[in-house]
1. Keeping all protein chains in position, work out how much accessible area R146 exposes to a 1.4 Å probe, and write it in Å² to the nearest 10.
2. If the cut-off is a Cα-Cα distance under 13 Å, which aspartates and glutamates reach K229, setting aside same-chain residues fewer than 8 apart in sequence?
3. At a 1.4 Å probe radius, which order do T19, T123 fall into by accessible area, largest first?
4. Rank H171, H196 by accessible area, highest first, at a 1.4 Å probe radius?
5. For V33, what accessible area in Å² do you get when you roll a 1.4 Å probe over the heavy atoms of the protein chains, rounding to the nearest 10?
6. Would you please name the chymotrypsin sites (Phe, Trp or Tyr not before Pro) within segment 191-239 that are DSSP coil residues with at most 16 other C-beta atoms within 10 Å of their C-beta?
7. Once label points are set 7 Å from the Cα along Cα→Cβ at both L231 and A188, what is their separation, rounded to one decimal in nm?
8. If you count only protein heavy atoms and use a 1.4 Å probe, how large is the accessible surface of D240, to the nearest 10 Å²?
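The values are calculated or read from the model by the stated rules, or taken from the named source; none is laboratory data. Remember, predicted model here, so these are calculated numbers, not experimental data. So basically every Cβ, Gly included, is an ideal-geometry build from the backbone, and we count neighbours across all protein chains shown. Side chains included, ligands, DNA and RNA excluded: accessible areas come from the protein's heavy atoms. Shrake-Rupley method; radii C 1.70, N 1.55, O 1.52, S 1.80 Å.
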Amino acid sequence: MLDKSGMLGVPTVPTKLPTEPEPFQLATEQRAVEHQPSSSAAASAGDVFVFAAQAAGAAGRATRSKKKAWTGGITEPKPFALATDARGEAKHYQQVAQQQEQPQRHGGGGKRKRTSGPPQLVTEARGERAQAVLDQKRKKEEEELRQQAEFKALPLNKGVLAHPFKPAPSHAALTMPHDVPLASSARAYERAEFDHAVALKQQLDEEERTAEEGRRKKDEEAELRKYRKGLQFKANPLPDFYGGHAELS
C-alpha cells in the first residue's frame with residue numbers, strides 16, 4: 001500500500017523516459033516504393049521514379065497492401081469517346097439513308113437529293129421572310145412620314161382677293177360677361193370680416209384698459225391727498241394744571 005500511495009497517501013507516478021523523435025511514416029512513401037519499376041527499367045531511366053497506373057479493365061482493380069508489390073499495368077491514354085457523338089453519327093447516317101430511299105419510293109423524281117451537311121431548318125427560312133416583310137413595312141412607314149413632313153402650299157384663291165372681305169351680319173344676342181366666382185374672393189371676404197372683428201375687440205380692450213387706468217389714477221390721487229392731510233402738524237391745547245394758556249412775552 002505504501003509503495004503505491006507513498007508516505008502521504010499521494011499515488012506514486014513512475015518517471016517517464018524522455019520522448020525520442022522519430023521520422024514520419026507516410027503512406028505515400030510506401031506506395032511510391034511499391035510503384036517503383038524493375039532494376040533494369042530504373043537503370044535505363046536514370047533512377048527516375050515514373051508513376052505507372054493500371055489500365056482500365058486490363059487486370060481489374062489492383063489491390064494495394066503493405067506486404068504485396070504493385071502488379072498492375074501502365075495506363076494507356078485514349079481519346080474521349082462520348083455517347084452523344086456516337087448517337088449523333090448514327091442519327092446522321094439514318095437521315096442520309098432515308099433521303100436516299102425517298103426518291104426511289106416516288107419513282108426517282110420530284111424532290112432533289114440532299115447532300116450531307118449542316119441541317120437546313122425551316123424556321124430560318126421563315127425568319128428571313130418575316131424579316132424581309134418587316135423591313136419593307138418599316139421603309140414604307142418612313143416614306144409616309146417623310147411625305148407628311150414635307151411642306152405643301154395650297155393654291156391661292158383669286159376670287160377672294162378680287163373683293164374685300166366682309167363678315168356676315170349676325171342676329172344672335174351679344175354674350176354678356178359674368179364674374180367668375182372665385183373661392184379666393186370668398187376667403188378674402190371672410191378674412192376681412194375676421195380682421196374687423198379682431199380690430200374691434202382690440203379697440204374695446206384698449207378703451208376698457210384706458211378707463212381702468214383713469215379710475216386707478218383717481219383712486220391713487222385721493223389716497224395721496226388723504227395721506228398728506230394726515231401728515232400735517234396740529235397743536236393740541238395745554239392741560240388745565242399748567243394754569244391755562246401761557247402768556248406770550
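1. The accessible area comes out at roughly 120 Å².
2. Here the aspartates and glutamates satisfying the reach criterion relative to K229 are E221.
3. Final ranking, largest accessible area leading: T19, T123.
4. Highest to lowest solvent-accessible surface, that is H171, H196.
5. Here the accessible area works out near 90 Å².
6. When the chymotrypsin sites (Phe, Trp or Tyr not before Pro) of segment 191-239 are filtered for loop state and at most 16 Cβ neighbours within 10 Å, F233 remain.
7. Distance between the two pseudo-spin positions: 6.3 nm.
8. Rounded to the nearest 10, the figure is 140 Å².
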